[in-house]
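Right, one structure below, let's go through it.
The values are calculated or read from the model by the stated rules, or taken from the named source; none is laboratory data. Here the structure is a predicted model, which means the values were calculated and not measured. Every residue, glycine among them, receives a Cβ derived from its backbone with ideal geometry; neighbour counts consider all protein chains shown. Please note that ligands, DNA and RNA were not included when accessible areas were found on the heavy atoms of the full protein model with its side chains. Shrake-Rupley method; radii C 1.70, N 1.55, O 1.52, S 1.80 Å.
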Amino acid sequence: MEEKLQFAVLIDAENVSAKYAAVIFDELEKYGFASCRRIYGNWSKENGWKEDLLLGYSIIPIQRFSYTAGKNSTDIAMVIDAMDMLYQNKVDGFCLVTSDSDFTRLAMRLREEKKFVLGMGESKTPLALTRACNKFIHLNLIDELGKESDQKLANDPENSENNMTSIQEVENAILLLLNESGEERLGLGFVGQRLGEKYPDFDVRNYGYSKLSVLLEEKMPHFKVIKMENQYYLKKAEKVSREKIERRVWQILEENNGVIDNLSVINDELKKRYSGFNLKDYGYSRISGFLRNMEGVLVDGNKIMLKNKTT
């Protein structure tokens with residue numbers, strides 16, 4: 001059995017909510033064992049990290065008074081302890097639990113010494129810190145997915161409050177992988193591994209999914225997931241010809257007596273029929289633009305009809 005990495009878990013109590021305690025240590029188990037657990041904050045003030053919680057997870061509280069208004073002594077204490085443990089070579093890696101970008105340089109310094117840096121914080125964490133870690137976990141997104149308590153996030157995870165790798169960046173990285181490999185298809189496991197290496201915060205759960213294959217199928221129509229001999233592979237979806245798309249639009253209209261009151265009906269039907277359908281392949285961002293350039297049809301607002309139905 002492969003020996004687990006020994007981690008020092010350093011938690012910024014003033015920056016991370018106590019409600020994530022279980023998620024922090026559940027996620028850490030996937031990477032190694034917490035041989036050292038410390039949490040930093042001013043315990044004379046209420047911060048949510050109660051005594052029974054600290055005892056339950058064997059976390060040692062480190063008291064840090066704010067000697068000067070506006071100054072955060074917690075940051076300095078965490079950095080000093082991290083550097084002490086680094087030079088004493090006590091652990092294989094560090095788990096920095098914070099959303100504070102001030103720890104970016106610390107993460108970079110630890111990695112310079114070939115230590116594995118696992119970052120944990122909320123999705124508001126600046127990209128500078130997430131990219132400075134070997135791996136970064138967005139605690140709020142993982143927690144919400146696990147509880148299935150925020151359907152809005154699952155439907156639209158890339159809202160303005162989230163500061164994480166976008167779907168477009170992931171899609172571009174996969175296209176680059178396929179182009180550079182020269183292969184028709186790549187193993188799905190390999191793709192997931194490379195995405196994790198390129199983007200430390202990449203995790204399909206951040207986007208409301210539990211499997212990479214489902215994320216690809218639902219969010220990235222440029223790709224197709226196939227199964228061969230019990231292995232899953234990813235390949236570029238074949239582009240559907242414009243002529244075939246237009247013929248299908250005519251069929252849909254004819255099936256509806258030449259008139260459809262909502263353009264989304266057309267768009268949804270095309271996506272359902274052709275897994276690789278993407279308007280961008282034809283130079284359009286909206287279905288209305290595509291349909292307006294078809295002969296024999298008329299688009300009026302959100303309504304489409306065959307021209308012979310307008311008379």
Descending principal axes extents, segment 157-260, alpha-carbon based, whole Å: 52, 39, 25
Which residue, GLN251, GLN193, GLN168, tops the fluctuation ranking in a GNM of the chain built on C-alpha contacts under 10 Å? GLN251
Per residue, what accessible area does the chain have, given a 1.4 Å probe and all protein chains present, in Å²? 55
Under a 1.4 angstrom probe, counting protein chains only, how are TYR232, TYR284 ranked by accessible area, largest first? TYR232, TYR284
For the chain, projected area of the alpha-carbon convex hull averaged over all directions, nm²: 21.8
Kindly identify segment 1-148 as rounded, prolate or oblate by the Cα gyration tensor criterion: order the square roots of the eigenvalues as a ≥ b ≥ c, call it rounded if a/c is under 1.5, otherwise compare a/b with b/c, prolate if a/b is larger, else oblate. rounded
Grab the beta carbon distance between LYS45 and LYS239, set R0 = 41 Å, and tell me the FRET efficiency rounded to 0.05. 0.10
Candidates ARG185, ARG205, ARG247; GNM for the chain (alpha-carbon contacts under 10 Å) flags as most fluctuating ARG247
In a GNM of the chain with a 10 Å cut-off on Cα contacts, which of ILE245, ILE59, ILE174 has the highest mean-square fluctuation? ILE245
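If you roll a 1.4 angstrom probe over the protein chains with everything in place, what fraction of the accessible area of the chain belongs to carbon and sulfur, to the nearest %?
46
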Given only helices, namely DSSP H runs of n ≥ 4 each adding -39500 (n - 2.57), what is the per-residue ellipticity at 222 nm of the chain, to the nearest 500 deg cm²/dmol? -11500 deg cm²/dmol
Roughly how tilted is helix 73-88, in degrees to the nearest 10 and between 0 and 90, from the longest Cα axis of the chain? 80
Relative contact order, percent, of the chain when contacts are C-alpha pairs under 8 Å separated by at least 6 residues? 11
